[in-house]
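Below: one structure, written as structure tokens.
Only the coordinates and a few stated rules stand behind these numbers; no lab work does. These figures come from a predicted structure and were not determined experimentally. Here the Cβ positions follow ideal geometry from the backbone for every residue, glycine too, while neighbour counts run over all protein chains shown.
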Amino acid sequence: MLDELDPVQANLKTIEGQMQQAFAPCAETTYLHSETGVGEMLGVVIWTEIGTIERFGRAEQLASYAGLVPREHSSGGKVRYGRVRKDVNLYLKWAFTEAANSAVLNRERCEYRHVARLYENVKARRGHGKAIIAVARHLAEAAFWMLTKEKTIANRCCPHNAKRGLLMGPLRPAL
């Protein structure tokens, strides 16, 4: 049974290599790859699922499209937040959730202090699942701003720059 898995893994590596070649000259994937927790494949998935960033007027709209914003029930001045929506772009939600999980798992090694602080604060009050969704929403909103401003996060393993969310100028893709 394990012998049958080897050809499948070889096919996956071939497909990943072809995807990297196809999307390597793309500036959008370079911007997304600079984000905390987003690797080469997740950058491609996020970019292809978003399509054109001009569809979204605000970062919150992208996060809502990805299904990372809870429902809001308000009446008489009281606000109650419910579950996240289920009728959303599941691939985009999965990609941002995977990026959030990666960022949380590697927060000490790469010193993602801002993400770690957000995760720990929400986890203490609401638990691991809601904390991961909160981090994923943060990453989705950061992706919106990177794609809109055509900038990348300065040094994603530098706690000083990541904490303040500093951005670098536009990247020129190699042709």
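Annotations
- In the stretch 68-86, the residues that are loosely packed, with under 10 Cβ neighbours inside 10 Å form Cβ pairs under 8 Å with partners that are in a strand (DSSP E or B) and acidic (Asp, Glu), at six or more places apart or across chains, as follows: VAL79/GLU72; GLY82/GLU72.
- Extreme residue, surrounded by the most Cβ atoms within 10 Å (Cβ to Cβ), among residues of the stretch 1-57 that are out of contact with any helix residue (DSSP H, G or I) (no Cβ under 8 Å at 6 or more places or on another chain) and not in a helix (DSSP H, G or I): ALA24
- If you go through the stretch 119-140 and pick out every residue that is more than 17 Å from GLU98 (Cβ to Cβ) and either surrounded by 15 or more Cβ atoms within 10 Å (Cβ to Cβ) or among the small types (Gly, Ala, Ser) (or both), you end up with 4.
Conditions tested, residue by residue: (1) of a type in the set (A, V, I, L, M); (2) in a helix (DSSP H, G or I); (3) within 14 Å of the chain's Cα centre (by Cα).
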{"residue": "GLU60", "(1), (2), (3)": "no, yes, yes"}
{"residue": "SER64", "(1), (2), (3)": "no, yes, yes"}
{"residue": "LYS93", "(1), (2), (3)": "no, yes, yes"}
{"residue": "THR97", "(1), (2), (3)": "no, yes, yes"}
{"residue": "SER102", "(1), (2), (3)": "no, yes, yes"}
{"residue": "ARG109", "(1), (2), (3)": "no, no, no"}
{"residue": "ARG117", "(1), (2), (3)": "no, yes, no"}
{"residue": "ARG125", "(1), (2), (3)": "no, yes, no"}
{"residue": "ALA140", "(1), (2), (3)": "yes, yes, yes"}
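- Any hit, the stretch 2-15, residues being farther than 13 Å from MET146 by Cα and in contact (Cβ under 8 Å) with a residue 24 or more places away in the chain: no
- Of all the criteria given as (1) surrounded by 12 or more Cβ atoms within 10 Å (Cβ to Cβ); (2) in contact with a helix residue (DSSP H, G or I) (Cβ under 9 Å, 6 or more places away or on another chain), the one not satisfied by GLU108 is (1).
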